[in-house]
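The values are calculated or read from the model by the stated rules, or taken from the named source; none is laboratory data. Model, not experiment: these values are computed from the prediction. As a convention, Cβ positions derive from the backbone with ideal geometry for all residues, glycine included, and neighbour counts pool all protein chains shown. Ligands, DNA and RNA are excluded from the accessible area calculation, which covers all protein heavy atoms including side chains. Shrake-Rupley method; radii C 1.70, N 1.55, O 1.52, S 1.80 Å.
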Amino acid sequence: MRNLLLLLLAAASVLAACESMQQAGAPTAAGDLDPGGRGKTRVERVVDGDTVVLDDIGKSRLIGIDTPEVYGGTVECYGPQASAFAKRVLTPGRRVRYEIGADPRDRYDRALIYLWLDDGRFFNAMLLRRGYATPLAIEPNTNRADLFERMARRAERRGVGMWSAGCSDK
């Protein structure tokens, strides 16, 4: 009887944890993300300027922006700088908040996210404002596309980041 009671308590605890994760927008199973869900987690590592690995959701691609490439045999103008900036800011273990996109995964099975630092700064926007990224609007994850376009135009006018380096391909 005691073992049965312990088993029931353990099962109730697991169900409560799953429900809590689902409400926070965190994955409840491999590949399962709640569109529009939000959560808090920690940075595991940075892959490049627009891709990060997060503890709770794994490999994640920042929505609405595109940083120059540094992998796949192609190193684009200002790619190393964008990647280095992301690695400086998103140090392993840093607390962050995220929001899952309306389309939660891309064709490479990366989570599609908006990312905020623990101090409230919007990281996707930081990359644009500092000239490390250009806007990339892909339906249905376009609810901040106008904002991102304005930020990129401002960075270009100010001549910051890639715009000061003469990167003509962006």
The stretch 86-97: number of residues that are open to solvent by 10 Å² or more (accessible area, probe 1.4 Å), in contact (Cβ under 8 Å) with a residue 24 or more places away in the chain and under 17 Å from Arg45 (Cβ atoms): 7
Residue within the stretch 45-58 that is of a type outside the set (Phe, Trp, Tyr), open to solvent by 40 Å² or more (accessible area, probe 1.4 Å), in a loop (DSSP other than H, G, I, E, B) and out of contact with any Ser or Thr (no Cβ under 7 Å at 6 or more places or on another chain) present: no
Subset of the stretch 116-164 [closer than 22 Å to Gln81 by Cβ and surrounded by fewer than 15 Cβ atoms within 10 Å (Cβ to Cβ)]: Arg121, Arg153, Arg154, Arg157, Arg158, Gly159, Ser164
Answer from Leu112, Leu128, Leu147 - the residue that is farther than 19 Å from Gly79 by Cβ, in contact with a helix residue (DSSP H, G or I) (Cβ under 8 Å, 6 or more places away or on another chain) and not in a loop (DSSP other than H, G, I, E, B): Leu147
Among residues of the stretch 39-49, those that are within 17 Å of Asp103 (Cα to Cα) and either within 10 Å of the chain's Cα centre (by Cα) or of a type in the set (A, V, I, L, M, F, W, C) (or both), counted: 0
Ile100 vs. criteria in contact (Cβ under 8 Å) with a residue 60 or more places away in the chain, β-branched (Val, Ile, Thr) and closer than 21 Å to Gly58 by Cβ: yes
Every pair of residues 6+ apart whose Cβ atoms lie under 9 Å, when the first sits in the stretch 30-56 and is among the basic types (Lys, Arg) while the second is open to solvent by less than 10 Å² (accessible area, probe 1.4 Å) and not in a strand (DSSP E or B): Arg38/Gly25; Arg45/Leu90
